[in-house]
Amino acid sequence: MENILLTAFDTAPFSKIKTSDYEPAFNEAISLAKKEIQTIIDNKETPTFANTIEEMAFSGMQLDRISNIFFNLNSAETSEELQKIAQIVAPKLSAFGNDISLNPELFARVKHVFETTNFESLTTEQKTLLEKTYKGFVRNGALLNDEQKSKLREIDAQLSLLSLKFNENVLAETNAYQLHITNENDLEGLPDGAKEAAKNLAEQQNQEGFIFTLDFPSYLPFVTYVKNRELRKEIAIANGKKGFQKNEFNNEQIVLDIVKLRNERAQLLGYKNHATFVLEERMAQNPEKVFDFLNDLLSKAKPAAEKEFAELTAYAKKLDAIDHLEKWDGSYYSEKLKQERFNLDDEILKPYFKLENVLNGAFEVAHKLYGLTFTEIHSIDKYHNDVQTFEVTNENGELVAIFYTDFFPRKGKRNGAWMTSFKSQWIKNDTNERPHISIVCNFTPPTSSKPSLLTFNEVTTLFHEFGHALHGMLANTNYPTLSGTSVYWDFVELPSQIMENWVYEPETLALFAKHYETDDTIPQEYIDKIKESSNFLEGLATIRQLSFGLLDMGWHTEDLDTIKDIKSFENEKFASTQLYPDVTENAMSTAFSHIFAGGYSAGYYSYKWAEVLDADAFDYFKQNGIFNKEIATKFKDYILSQGGTDHPMNLYKKFSGQEPSPEALLKRAGLV
């Protein structure tokens, strides 16, 4: 039987892939990639940029395609079978990566090219590729002795399995919990849409009443609107103890093992700690600069946060005679105060944010800025019925990208929202191979009586992920390894976060915010209130983000021998940002997938770092018109299309003419 994954295909042939195809396909593709590398090594000619560096950049392409398909499905549509295969192939891929980076003959060729090439004869992109290739070898152990290389392989294999297991445990804990309510009076305050979704879920399970889960579209409305404080407490504690319970899905030891192995790996390579290793390849450059950045923002945001917390506490006391605000009270009283202060309620706004309209709004913004057109197509394979597929073309009608969207929660899908790709972009033999990009979210699903109506927060999430998608779709580089989002991690959030800004602009909202029943455009007074309330409790929101950044940096800079247990370590790291009382049963780290199963270790600060960039960049748009074609073209040409071909600061300065200033962010956040 032919294995479809080992044939030539363009869009992913999801319906033709059998689960049993994956493991043999990985084995074959690894074997082929090894042969491609061996051909480079065996070349008798003097090593050159063309016969070594470029050849390497285009090696292992089939393996990349298979990996992209498999690991994307393992996040968006997993099963026990896929998880088992992931546990088998992850160490093989780790070993293959080590086979390349620790190969002395291959490194000798790369080193020769690096030391003998006249850099002036290369384009900026070629220089970047050569530097990244050489540094990639050094940073992955090429200068180690045989015993050290063996140790590095062992560490990498362990780490690849631990992060997979971490993710599986978080998903299992999310799926394991349900709050079953039979008395509708217990749901006082909950909007009808959320109630209907919970009733639908109960009916699907042949149960009476209402079922709530830890999936965000179910969990968030519950803690935001349900008056019953004990029930809010119950579900909030359940959410906060994922991976922190004495059961088979406990992640405590996994967290400790991951940070110890990362630290050991960094020290083996000659770095002080994991953060120092990671930040060498970031705009921030070193841990000291990150701590300075986070603490400087903290000093500016904390007075505002303390004032807001005192206001919220006084408000809860006045309203319900509550003396001490707990974590399960935060969303509830924030929403109440917001409604009172701005007469603005997510439930009033939701009818104007029908998912299809919001998506079309994002498409229209991309059309106005970059001349892109999105046309839904039904002729390509999908991995689930919820997925939609689009052909993206430019003003000349040329294909720019294939775009997949996947918006609703389900059992086999991890929580959160992310952008990914099924195929990279590159140029070879005068052919510009266009990318296949996907965004995956967990939005409020439609019910039997209503379409999917988004909260304003979900609208900004869609635009955020769509910004990442544009970074992938508009990629226009020669080498796949530098294409799209292959940029410094503290630069990758600029294209996503800048897109959120458009959602607050009347010009944008007029394009898509139309009532799903009457088609009336959102009233101006609501737009004014959205703008007015955009800074609401911004101090609290800022220190929450900073607390995550400081925890991440703590895990990756501290002397790990001093860490007795996760909970006390977290309390120590949260001390400077803590306003709510601690919840003994809860821990953050055991479900902090960004840093323990994603790419954000020693990099969570980059959300705030990129906010400085996006506020500064959007300020440039604002001064000249948010749909200014000239500035949009500069943003496309110097940021979105360039990927990792040059240092991010060089790209940013080409776009705006200067380095970014934090003033725009502080002003936007109302902190100055």
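The values are calculated or read from the model by the stated rules, or taken from the named source; none is laboratory data. Predicted model, so just to flag it, every value in this text is computed and none were measured. Cβ: placed from backbone, ideal geometry, glycine included. Neighbour counts: every protein chain shown. The area values use the complete protein model at the heavy-atom level, side chains included, leaving out ligands, DNA and RNA. Shrake-Rupley method; radii C 1.70, N 1.55, O 1.52, S 1.80 Å.
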In region 250-275, residues that are over 17 Å from Ser94 (Cβ atoms), crowded, with 18+ Cβ neighbours inside 10 Å and over 22 Å from the mean Cα position of the chain (by Cα) total 2
For residues that are touching a helix residue (DSSP H, G or I) at 6+ places or on another chain (Cβ under 6 Å), assigned to a helix (DSSP H, G or I) and farther than 29 Å from Ser534 by Cα, tally how many sit in region 645-666. 2
Open to solvent by 50 Å² or more (accessible area, probe 1.4 Å), free of Cβ contacts under 8 Å to residues at least 60 places away in the same chain, of a type in the set (Lys, Arg) and assigned to a loop (DSSP other than H, G, I, E, B): which single residue out of Lys564, Lys531 fits that description? Lys564
Select from region 323-341 the residues that are open to solvent by less than 20 Å² (accessible area, probe 1.4 Å) and either among the aromatic types (Phe, Trp, Tyr) or not in a helix (DSSP H, G or I) (or both) and list them in ascending order. Leu325, Tyr332, Tyr333
Could you list, in sequence order, all residues of region 14-48 that are in contact with a helix residue (DSSP H, G or I) (Cβ under 7 Å, 6 or more places away or on another chain), closer than 30 Å to Ile380 by Cβ and either acidic (Asp, Glu) or at pLDDT below 95 (or both)? Asp21, Glu23, Glu28
Within region 113-149, how many residues are closer than 15 Å to Pro47 by Cβ, surrounded by 16 or more Cβ atoms within 10 Å (Cβ to Cβ) and of a type in the set (Val, Ile, Thr)? 3
Any residue at all in region 239-261 that's of a type outside the set (A, V, I, L, M, F, W, C), under 30 Å from Lys135 (Cβ atoms) and in contact with a helix residue (DSSP H, G or I) (Cβ under 9 Å, 6 or more places away or on another chain)? yes
Residues being farther than 20 Å from Lys636 by Cβ, surrounded by fewer than 23 Cβ atoms within 10 Å (Cβ to Cβ) and among the aromatic types (Phe, Trp, Tyr) - total across region 447-497: 1
Would you be able to tell me the number of residues in region 595-604 that are open to solvent by 10 Å² or more (accessible area, probe 1.4 Å) and modelled with pLDDT of 95 or more? 2
Taking region 14-31 only, how many residues are assigned to a helix (DSSP H, G or I) and under 28 Å from the mean Cα position of the chain (by Cα)? 9
Count, please, the residues in region 365-390 that happen to be surrounded by 14 or more Cβ atoms within 10 Å (Cβ to Cβ), of a type outside the set (A, V, I, L, M, F, W, C) and under 22 Å from Ser452 (Cα atoms). 6
Regarding region 79-100, can at least one residue be identified that is without any contact (Cβ under 8 Å) to a residue 60 or more places away in the chain, touching a Lys or Arg at 6+ places or on another chain (Cβ under 9 Å) and closer than 30 Å to Asn432 by Cβ? no
Please specify each residue of region 534-544 satisfying the condition of being touching a residue at least 24 places away in the same chain (Cβ under 8 Å) and either open to solvent by less than 10 Å² (accessible area, probe 1.4 Å) or out of contact with any Phe, Trp or Tyr (no Cβ under 6 Å at 6 or more places or on another chain) (or both). Asn535, Phe536, Leu537, Glu538, Gly539, Leu540, Thr542, Ile543, Arg544
Of all residues in region 567-594 being open to solvent by 40 Å² or more (accessible area, probe 1.4 Å) and assigned to a helix (DSSP H, G or I), which is farthest from Ile498 (Cα to Cα)? Ser568
The one condition Cys441 fails out of (1) more than 18 Å from Phe71 (Cα to Cα); (2) modelled with pLDDT of 95 or more is (1)
